[in-house]
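Taken together, the values in this text are just the output of simple stated rules run on the coordinates, not laboratory data. Nothing here was measured: the structure is a model prediction, and the numbers come from that model. Note that each Cβ is placed from the backbone with ideal geometry, even for glycine, and that neighbours are counted across all protein chains shown.
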Amino acid sequence: MALKIALVGMPGGGKSTVGRQLARLLGLPGIDSDTEIEKRLGESIRSYFEREGEAAFRDVEAQVIAELLATGGDMVLATGGGAVLREANREALHGQSTVIYLRSTPEELFRRLRHDTQRPLLQVKDPLKKLRELYAQRDPLYRRTAHFVLETGRPSVHALVNMILMQLELAGLVSPERVAATVGAERC
């Protein structure tokens with residue numbers, strides 16, 4: 001059976017960064033759904049979002065996620081922050097992968113994202129208020145989709161990846177030998 005790990009969480013929660021590191025350590029392909037969407041669109045998500053609107057973007061996002069999960073191979077998939085808004089995405093992610101929710105508070109996210117100009121939903125007068133609204137809407141959906149919830153808080157990327165590896169080992173999805181080799185290689 002293929003090992004598919006999907007990361008969900010709020011914009012700026014570390015999904016892409018943690019996903020790349022986790023994929024590298026496990027020797028799996030690392031895929032970022034937003035990057036795949038931009039390849040398909042031939043333009044940035046921001047420009048497509050501004051021109052076509054959120055509903056059109058979510059249609060493309062759902063199609064890309066379904067296609068990625070339908071592949072037979074192993075992968076670490078970092079999803080966009082709003083991927084869980086569609087029930088079809090939540091069902092596909094939960095049913096076809098092991099989902100890890102990287103949970104961050106709106107205040108932590110604001111500290112990380114306050115200078116970011118690339119996230120369409122945060123280009124508003126009060127980004128912290130927007131993050132709080134998004135969090136209130138999405139946190140229950142992330143929790144419903146996830147098999148595991150990890151608080152991102154202050155841990156480094158390295159610490160988050162190790163916490164994920166331990167969860168995967170405890171769930172019997174990754175062998176203790178593979179985790180030991182991965183963590184050992186990371187220390188070298």
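Under a GNM of the chain (C-alpha, springs under 10 Å), which listed residue has the highest mean-square fluctuation: Asp32, Asp74, Asp59?
With Cα springs under 10 Å in the chain, the top fluctuation among Asp32, Asp74, Asp59 is at Asp59.
Per-residue ellipticity at 222 nm for the chain, helices alone: DSSP H runs ≥ 4 residues times -39500 (n - 2.57), over residue total, nearest 500 deg cm²/dmol?
-18000 deg cm²/dmol
With the contact rule set at Cα under 8 Å and sequence spacing of 6 or more, what percent relative contact order holds for region 1-152?
For region 1-152, the relative contact order is 36 percent.
Order these by the 10 Å Cβ neighbour count, fewest first: Glu108, Glu52. Please report the intermediate quantities before stating the final value.
Values: Glu108 19, Glu52 13.
Starting with the residue having the fewest Cβ neighbours, the order is Glu52, Glu108.
I need two numbers for the chain: Rg to one decimal and Dmax as a whole number, Cα atoms only, in Å.
For the chain, the Cα radius of gyration and maximum Cα-Cα distance read 16.2, 50 Å.
Assuming a viscosity of 0.890 mPa s and a temperature of 25 °C, what translational diffusion coefficient in µm² per second does Stokes-Einstein assign to region 50-96, Rh being the Kirkwood radius over Cα pairs?
Reported coefficient: 218 µm²/s.
By counting other Cβ atoms within 10 Å of each Cβ, how are Leu25, Leu131 ranked from fewest to most?
Sorted ascending by nearby Cβ count, the order is Leu25, Leu131.
Could you list which residues have their amide H under 5 Å from that of Val174, counting only those 5 or more apart in sequence or on another chain, with H placed in the peptide plane?
Counting only residues 5 or more places away or on other chains, the set is Glu169.
Convert each backbone phi in region 87-95 into a coupling constant with the Karplus relation 6.51 cos²θ - 1.76 cosθ + 1.60 (shift: θ = phi - 60°), then list the ³J(HN,Hα) values in order as whole Hz, x for Gly and Pro.
Coupling constants for region 87-95: 4, 4, 5, 4, 5, 5, 4, 5, x Hz.
What full-extension length gain, to one decimal in nm, is calculated for His158 and Glu54 as 0.36 nm per residue of separation minus the Cα-Cα distance?
The span from His158 to Glu54 would gain 34.1 nm if fully extended.
Fewest Cβ neighbours within 10 Å first, please rank Tyr101, Tyr48 accordingly.
By the 10 Å Cβ count, ascending, the order reads Tyr48, Tyr101.
Return the FRET efficiency for the residue pair Arg143, Arg40: r is the Cβ-Cβ distance, R0 is 30 Å, and the value is rounded to the nearest 0.05.
The pair Arg143/Arg40 has a calculated efficiency of 0.55.
State to the nearest 20 debye the size of the charge dipole of region 51-165 about its Cα centre, where the only charges are +1 on K and R beta carbons and -1 on D and E beta carbons.
Working: 17 positive and 15 negative charges, 104 e Å.
Roughly 500 debye for region 51-165.
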